[in-house]
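Data first, discussion second: the structure below is written as structure tokens.
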Amino acid sequence: FYKLNVEESAILEFDLSASEAVPAMEIMKIMEFEDGYTTLVPVATNITWGFFDIETKEKFVAGLQSGEEYFIRVMHPNYQPSFDNYSFTSKVLVENPEDKHEPNNDIENTPVKDMPAETVRGNYAMNADYDAYYVKAKTNGLYGVHYKTITPSKQMQEKYSKDLLKPIDGLVAVLEDTNGNRILDPEEYSSARVYDKGWDNEPEQGSFQAK
């Protein structure tokens, strides 16, 4: 294990190509739950699953957030003893890649900010990222939601590697804030309505009753 403190949000590239045999690597962070239980959860890895075995990539990228504490776990892909030497380096590919609405993904502890307009544009630059917006209905009625990915511009294709522009399969979840505190409480999880019918880079849409 290695400890990594991130001072500034960035997308980093981890390179293990100088290793005698490329090990498995996981970037992990501590997750705390309501009952006080804490555990390490992987947010990025160089592991891919082959037909017959685990495969490891020499290079991979991870979007890591400022102020967060991460742990790097390096191991044999099959959890076996090994005397092969390994080596890895990291470098910053993109500085401060987060969209202007961040931070907006700690909905269990931080009040969610109002959705600034009927249409918003963001990104998932950080690993394990999701975006939350607060919508307060002006009148009782049926409201629609539409989500779509944006085709990378020529400038983006020239600036970012293909790994950062891969297709994504997004989804939309609508949850009711029953007590009006702008925080997702445990008892409100059951109100979730999830819209996830499309495949990679396909839109999602649906409707929900608001009051």
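What follows draws every value from the coordinates through simple rules; no lab data is involved. Just so it is clear, the model here is predicted, and its values are computed rather than measured. Cβ placement follows ideal geometry from the backbone for every residue including glycine, while neighbour counts extend to all protein chains displayed.
Using only helices, what value at 222 nm comes out for the chain when you add -39,500 (n - 2.57) per DSSP H run of length 4 or more and divide by the total residues, to the nearest 500 deg cm²/dmol?
When only DSSP H runs of four or more count, the value is -500 deg cm²/dmol.
Among 65, 41, 27, whose Cα sits farthest toward the positive end of the charge dipole of the range 24-148 (+1 at Cβ of Lys/Arg, -1 at Cβ of Asp/Glu, about the Cα centre)?
It is 65, whose Cα lies furthest towards the positive end.
Defining a contact as two alpha carbons under 8 Å apart and six or more residues distant in sequence, what relative contact order in percent does the chain show?
Reported as a whole number, the value is 22 percent.
Scan the range 72-175 for GluC sites (Glu not before Pro) in coil per DSSP, keeping those whose Cβ has at most 15 other Cβ atoms within 10 Å, and list them by number. Could you put the intermediate results ahead of the total?
Numbers: sites: 95, 98, 108, 118, 158; in loops: 98, 108, 118.
Loop-located and lightly packed - 108, 118.
Residue 106 to residue 162: FRET efficiency via 1/(1 + (r/R0)^6), r the Cβ-Cβ distance, R0 45 Å, to the nearest 0.05?
Working: r = 30 Å, r/R0 = 0.68.
Once rounded, the FRET efficiency stands at 0.90.
Just subtract the alpha-carbon distance of residue 128 and residue 95 from 0.36 nm times their residue separation and send over the number in nm, one decimal.
Between residue 128 and residue 95, full extension yields an extra 10.1 nm.
Which of 29/197; 29/162; 29/166; 29/91 have a Cα-Cα distance over 21 Å?
In this structure, 29/197; 29/162; 29/166 exceed 21 Å between Cα atoms.
Which of the aspartates and glutamates could a cross-linker bridge to residue 138, judged by Cα under 17 Å and excluding same-chain residues fewer than eight apart?
Counting by Cα, and skipping residues close in sequence, residue 138 has these aspartates and glutamates nearby: 114, 118, 176, 177.
Mind putting a number on the dipole of the range 57-179 about its Cα centre? Charges go on the C-beta only, +1 for Lys and Arg and -1 for Asp and Glu, and I need it in Debye to the nearest 20. Spell out each step's value before the answer.
On the way: 14 positive and 19 negative charges, 107 e Å.
It comes to approximately 520 debye.
Given the options 45, 149, 139, which has the most mean-square fluctuation in a GNM of the chain, springs set between C-alpha atoms less than 10 angstrom apart?
Residue with maximal mean-square fluctuation among 45, 149, 139: 139.
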